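Student: Quick one: structure below, then a few questions.
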Amino acid sequence: MTGRVIKSTGSWYRVQLHDGPSVDARLRGSMRLQGSRATNPVAVGDFVELEPESEGRYAISNVLERKNHLIRRSVNLSKKTQVIAANIDQAILICTIAEPKTLLGFMDRFLASAEAYGIPALLVFNKMDVYGPSEMEELSYREAAYQRAGYPCMRISAVSGEGLDALRAVLKDKVTLFSGHSGVGKSTLANALQSGLDLRTGEISSAHGQGQHTTTFAEMHPLDFGGYLIDTPGIRGFGLVNMEKDQVSHYFPEIFALSEGCKYHNCTHVDEPQCAVIHAYEQHQIAPSRYENYVHMLNGDEGDDPYRHSESKGE
């Protein structure tokens, strides 16, 4: 029998059977030994084959081919990777300008990874109800930078309800991943979008200004108006996986589009003569933060992410 994984705790899974109920399942031991570098060979959104065991429990014996997945490398210098979700129609990065502030480097690494795995992405700026003039100025910069790159941006407040109807229209009849730093309001927003979820929410740490983990595992929730929402634990950093240096520019749409005008076909857009990308950067046609984070990624560093060596567990 087959079904779709709708919840993962790391040790067991909840699987929604096709035309049937949801059941608990575990991984077959052989699946843990297949040599994958991923910490989770099975992810929320996966379609799997099951075999019955005793007492109404099942074992996952096979993962069916994925149409896509989003993967990241843990940023604690581990060689392990984590599959965030599989078989998704779109990825939404929940961002905040304050309480806490979403890092630009984090945003660009997330978006580049979505590009690499062929997943449409958009940005939702939450907590519009708490922003003053300086935050609104920063928000306007970010919207201009990412809209120029081709990413839709939405302004949302889970508290006041601003933008919720427009977001529901975007989510309708799609499987959507919610991701972002801890504390940006993913669970609060999910609760506002879908009555009855009652996902646990938390406060921002007064000591560090960072969110504290409330969602501890990934879970897929059906939406009354059509579609599914995958709520994931907050993440502090987004390490890139399997991204070759000569491919990095392909995952920045505005840079890739300009690269056709470069003199050299293998231009890195760093110091080559007659580079269309450098020219556009100097003429302020590319957001400085986007170009600078591109260079950071090209050099293999994490840019503005102060958490890159501190992340360990509890995401």
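Student: Which one of I286, I255 is farther than 20 Å from M243 by Cα and not hydroxyl-bearing (S, T, Y)?
Tutor: Exactly one of I286, I255 is farther than 20 Å from M243 by Cα and not hydroxyl-bearing (S, T, Y), namely I286.
Student: When only residues in region 182-192 that are open to solvent by 10 Å² or more (accessible area, probe 1.4 Å) and of a type outside the set (S, T, N, Q) count, which is modelled with the highest pLDDT?
Tutor: Only one residue tops the list, namely A192.
Student: Still on this model: Would you say D198 is more than 21 Å from T102 (Cβ to Cβ), open to solvent by 60 Å² or more (accessible area, probe 1.4 Å), touching a helix residue (DSSP H, G or I) at 6+ places or on another chain (Cβ under 7 Å) and at pLDDT 75 or above?
Tutor: yes
Student: Just to be sure, is V170 modelled with pLDDT of 90 or more and surrounded by fewer than 22 Cβ atoms within 10 Å (Cβ to Cβ)?
Tutor: It is true that V170 is modelled with pLDDT of 90 or more and surrounded by fewer than 22 Cβ atoms within 10 Å (Cβ to Cβ).
Student: Does at least one position in region 30-39 carry a residue that is at pLDDT below 80 and open to solvent by less than 40 Å² (accessible area, probe 1.4 Å)?
Tutor: The answer is yes; a qualifying residue exists.
The values are calculated or read from the model by the stated rules, or taken from the named source; none is laboratory data. Because the structure is predicted, anything quoted here is derived from the model rather than measured. Here the Cβ is made from the backbone with ideal geometry for all residues, glycine too, and neighbour counts use every protein chain on show. In case anyone asks, the SASA skips ligands and DNA or RNA and just uses the protein heavy atoms, side chains included. Shrake-Rupley method; radii C 1.70, N 1.55, O 1.52, S 1.80 Å.
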